[in-house]
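Quick notes on the structure that follows.
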């Protein structure tokens with residue numbers, strides 16, 4: 001495994017732990033404070049909307065792509081500095097990538113920082129194959145011009161987000177209904 005891939009793994013795991021911790025904190029706060037419960041449901045609805053965007057349109061929302069590109073413009077010059085290859089790999093979590101953002105959204109729902117880091121480590125391991133073999137495969141896919149296959153991964157990620165968010169919303173609503181019935 002190259003230095004870039006090790007940096008990428010470290011960056012993804014750190015990002016997974018951070019987003020899972022943030023979501024776990026929000027979940028805890030929403031249990032402790034009735035005023036925050038709607039925020040928790042709105043977060044699940046936002047994840048549902050993001051997933052539907054990926055599923056239906058097979059692309060990221062424009063604002064997310066623009067934010068990722070802006071971050072990359074700032075990170076890109078660091079690649080030539082000392083430790084730049086590892087640093088670029090670690091900062092790869094800021095790349096404008098729909099599947100990466102979807103994996104981070106799933107990591108938020110993983111239950112804790114360790115689980116979020118593990119979820120992102122598995123994503124990094126699986127997606128490393130695509131980064132290594134990707135250029136050759138991409139050229140073949142582009143030559144074939146098969147748009148359906150290019151969108152497949154994004155649509156699957158969207159479907160997984162939709163299913164996860166719908167389940168989380170169902171749990172949220174079931175808890176609210178149980179409060180009324182008790």
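The values are calculated or read from the model by the stated rules, or taken from the named source; none is laboratory data. This one's a predicted model, so the numbers in the text were calculated from it and none came from an experiment. Please note: Cβ atoms are built from the backbone with ideal geometry, for glycine as well, and neighbour counts cover all protein chains shown.
Structure above, values below:
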{"quantity": "Matching option when the condition is touching a helix residue (DSSP H, G or I) at 6+ places or on another chain (Cβ under 9 Å), part of a helix (DSSP H, G or I), closer than 18 Å to residue 158 by Cα and modelled with pLDDT of 85 or more, among 52, 9", "calculated": "52"}
{"quantity": "Where a residue in region 57-78 is within 27 Å of residue 159 (Cα to Cα) and its partner, wherever it lies, is at pLDDT 80 or above, with Cβ under 6 Å and at least six apart", "calculated": "58/155; 61/53"}
